[in-house]
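Just so it is clear, none of the values below were taken in a lab; they were calculated from the coordinates. Only a predicted model underlies this, so the values are computations on that prediction, with no experimental measurement involved. Methodologically, a virtual Cβ is constructed for each residue, glycine included, from the backbone with ideal geometry; neighbour enumeration extends over all protein chains shown.
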Amino acid sequence: MTAAKVTLAAADAEDLEAISARLQDAVAQVKDLVFLPKSRRFAGLFNRFKWESAGKHGGTRVRTGLHIDGVLSARATHLKRGNPDAVASLLAIRFSPGSGDDPGGTIELTFAGGGALRLEVECIAAELTDLSGEWPARGRPVHEIES
């Protein structure tokens with residue numbers, strides 16, 4: 001039996017939280033995280049851990065695409081841009097609104113190890129789509145509890 005592929009769209013901060021939850025612990029090579037300034041689009045390819053179907057000890061991953069439209073600028077910090085094959089593990093995606101009634105603001109992708117991508121956007125316009133079948137994960141992601 002083939003698992004259903006996920007497609008989610010985000011038009012507000014609450015929708016973006018749903019995409020963030022699906023992408024928690026997704027991994028990507030740095031070269032697969034790109035800003036396309038002429039298209040005003042950020043695009044990323046991730047290997048997503050399927051938390052929604054994970055068993056107690058195991059789980060699966062699936063190749064997933066994320067794109068965010070209306071991106072005015074992108075800034076990366078503490079990501080190994082000089083090493084395109086480096087792997088980054090996504091922790092969360094958050095939106096910080098701009099000022100006043102402006103629908104724009106900053107979408108921040110936070111990665112393990114202190115890395116971040118900050119996207120200045122006109123508004124929230126994002127889509128997540130599973131692109132492949134699933135495969136067994138090498139392990140279940142574990143988070144240390146900070147004291």
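Some observations on this one:
- Options P136, L91, V34, ranked by Cα towards positive dipole end of the chain, top entry (Cβ charges): P136
- Its Cα centre serving as origin, the chain has a Cβ charge dipole (Lys and Arg +1, Asp and Glu -1) of approximately 780 debye.
- Highest mean packing comes first when the peptides 30-42, 60-72 are listed by Cβ atoms within 10 Å, giving 60-72, 30-42.
- Gain upon complete extension [D69, R94; 0.36 nm per residue less C-alpha separation]: 7.5 nm
- Estimated vicinal HN-Hα couplings, Hz - segment 21-32 in sequence order (Karplus 6.51, -1.76, 1.60; Gly, Pro = x): 4, 5, 8, 4, 6, 6, 10, 8, 7, 3, 5, 8
- Here the chain is scanned for GluC sites (Glu not before Pro) in DSSP loops (not H, G, I, E, B) that have at most 16 other Cβ atoms within 10 Å, and the longest stretch holding none of them is 1-121.
- Residues V87, V27, V142, V121, arranged from fewest to most other Cβ atoms within 10 angstrom of their Cβ, appear as V142, V87, V27, V121.
- Computing Cα Rg over 2.2 N^0.38 Å for the structure here picks out one of (1) 1.15; (2) 1.30; (3) 1.04, namely (3).
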